[in-house]
1. Quick check on this structure: which one of Thr54, Thr69 is buried (at least 21 other Cβ atoms within 10 Å of the Cβ), modelled with pLDDT of 95 or more, under 19 Å from Gly154 (Cβ atoms) and of a type in the set (Ser, Thr, Tyr)?
2. Can you tell me which of Thr196, Thr163 is assigned by TED's automatic domain parsing to the domain that holds Gly99, on the phi < 0 side of the Ramachandran plot and in contact with a Pro (Cβ under 7 Å, 6 or more places away or on another chain)?
3. Just to be sure, is Ile159 out of contact with any helix residue (DSSP H, G or I) (no Cβ under 6 Å at 6 or more places or on another chain), more than 10 Å from the ligand (Cβ to nearest atom), modelled with pLDDT of 95 or more and among the hydrophobic types (A, V, I, L, M, F, W, C)?
4. For the stretch 130-142, which positions are within 14 Å of the ligand (Cβ to nearest atom) and in contact with a strand residue (DSSP E or B) (Cβ under 8 Å, 6 or more places away or on another chain)?
5. Within the stretch 260-281, count every residue that is touching a strand residue (DSSP E or B) at 6+ places or on another chain (Cβ under 8 Å) and surrounded by fewer than 14 Cβ atoms within 10 Å (Cβ to Cβ).
6. Of the residues in the stretch 112-152, how many are in a strand (DSSP E or B) and in contact with a Phe, Trp or Tyr (Cβ under 9 Å, 6 or more places away or on another chain)?
7. Quick check on this structure: which one of Tyr243, Tyr225 is farther than 27 Å from Asn63 by Cα and of a type in the set (Ser, Thr, Tyr)?
8. Go through (1) of a type in the set (Val, Ile, Thr); (2) out of contact with any Ser or Thr (no Cβ under 7 Å at 6 or more places or on another chain); (3) in a loop (DSSP other than H, G, I, E, B) one by one and return the number of the condition Ile162 breaks.
Amino acid sequence: MNKGLEVARGKTKVLYEKPGQPDVLIVQATDAITSGDGARRDEIAGKGRLAAKTTARVFRLLNLCGLPTHYLSGGEDDDDNEMLVRRCTMVPLEVVVRGVAAGSLVRRKPGIARGSIIIPRMVEFFLKDDANHDPLIDPDEIVHRGLASPPEIGAMSEIARITFEILAHAWRRREALLVDLKLEFGRIQSGEGRGTLVIADVIDNDSWRVWPQGREDLMLDKQMYRDLETVTPADLERVRQNYELVSELVGQFPSARPAMIALAADGPDSLGILDPVVGALQVFGLQTLRRVVSTHLVPGYVLQAAQQLDATFARLIYVASGPQLAAMLAAATPTPVFDATEFEAEELAQIVAKTLAVDDTIMFGRVLLVQANARSAVLHADAQINAPPPQAPLG
Ligand code: 5GP
């Protein structure tokens, strides 16, 4: 890719301007691996390739779920380990989410048993300051130093928690436990969405702890490199193999599993009952098709249509326009059936999305986002209604 000026250099990546696109940067991952805030440093041939792939796939998954990230494209193919991102002003914080006690948490709090599950997830902020080993910083201090506002701290915590849950779901589906995760945020610097807080930097195998089968001794992440007493070429090869395995496993994270929601109307007059459901399902990006049948006029046709649909779609869910049709479909097919008259459209769409989310991380993430937005709408409405009345102009 044609690169412009170098704008920044981290321990494992270099950022360049994109000629002719001032709102976009090119992030190039290098082969470096470091620990101890840069005190130990090695090169692993091909690590940049694996890191770019991993980070691009994680960001693509998060974008598909609807989370705000700086990622635009690239990084996954044979493209010199380069991904395109929105240009951001970085917030100088590392946001760590913990689902299992490990690392610096158990060093700081010996009372918390290593490996214990942390519910609710813990979110911690660390100031990015290598010279002082990235010290823990509390929210008051973040505000006091003008690094982020209270609403921004709330948004970072919420987005970080949701990101953790999405990635933990993806890892669970691969029999692995996501222990903790480090994120960084930036504010879009220019162009559309200027000032918006987004997940930025990278999320790769350096950013988390992953324990296959919940076993720390099988760890796949960078901790293995951090724990080495001396670094031999054989150690680096083992690290490389883990990074390769992780990039392959993460490659499956953003693959959407096709699903179809068949909306069945019991007679033409019932079609209108299904209209709000179509809109509500679209919020989750779910595909729908409509059929008009009739339990009392053409019962054989109902069964024929259902058999045809069952034989066509691997992942199918029926939404029927009323109880008779729902009962008939439920008895005649092995596919889940919901009765549209039993639920509000939004509620029904969420149940359908949750049913699919069991083995679909993108759908799981979308459900989390919809729920978070619903919570935030309530809190926003409450804050508005209790806001102090505007001051009368003086004079
Ligand atoms: P801890 O605070 O327990 O050392 O780390 C918590 C999580 O954040 C771990 O998943 C660790 O990999 C990640 N983490 C902490 N500091 C850094 C850092 O400077 N760089 C990267 N890439 N990840 C970090």
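1. Step by step, each of Thr54, Thr69 is checked, and only Thr69 is buried (at least 21 other Cβ atoms within 10 Å of the Cβ), modelled with pLDDT of 95 or more, under 19 Å from Gly154 (Cβ atoms) and of a type in the set (Ser, Thr, Tyr).
2. Residue meeting the stated conditions: Thr196.
3. yes
4. Asp134, Pro135, Leu136, Ile137
5. 1
6. Within the stretch 112-152, the first condition is being in a strand (DSSP E or B), and the residues that meet it are 117-127, 136.
Then drop every residue that is not in contact with a Phe, Trp or Tyr (Cβ under 9 Å, 6 or more places away or on another chain), which leaves 121, 123, 136.
Result for the stretch 112-152: 3.
7. Testing whether each residue is farther than 27 Å from Asn63 by Cα and of a type in the set (Ser, Thr, Tyr) leaves just Tyr225.
8. (3) is the only condition that Ile162 fails.
The values are calculated or read from the model by the stated rules, or taken from the named source; none is laboratory data. Computed from a predicted model, the values in this text were never measured in an experiment. Virtual Cβ from ideal backbone geometry, glycine too; neighbours counted across all protein chains shown.
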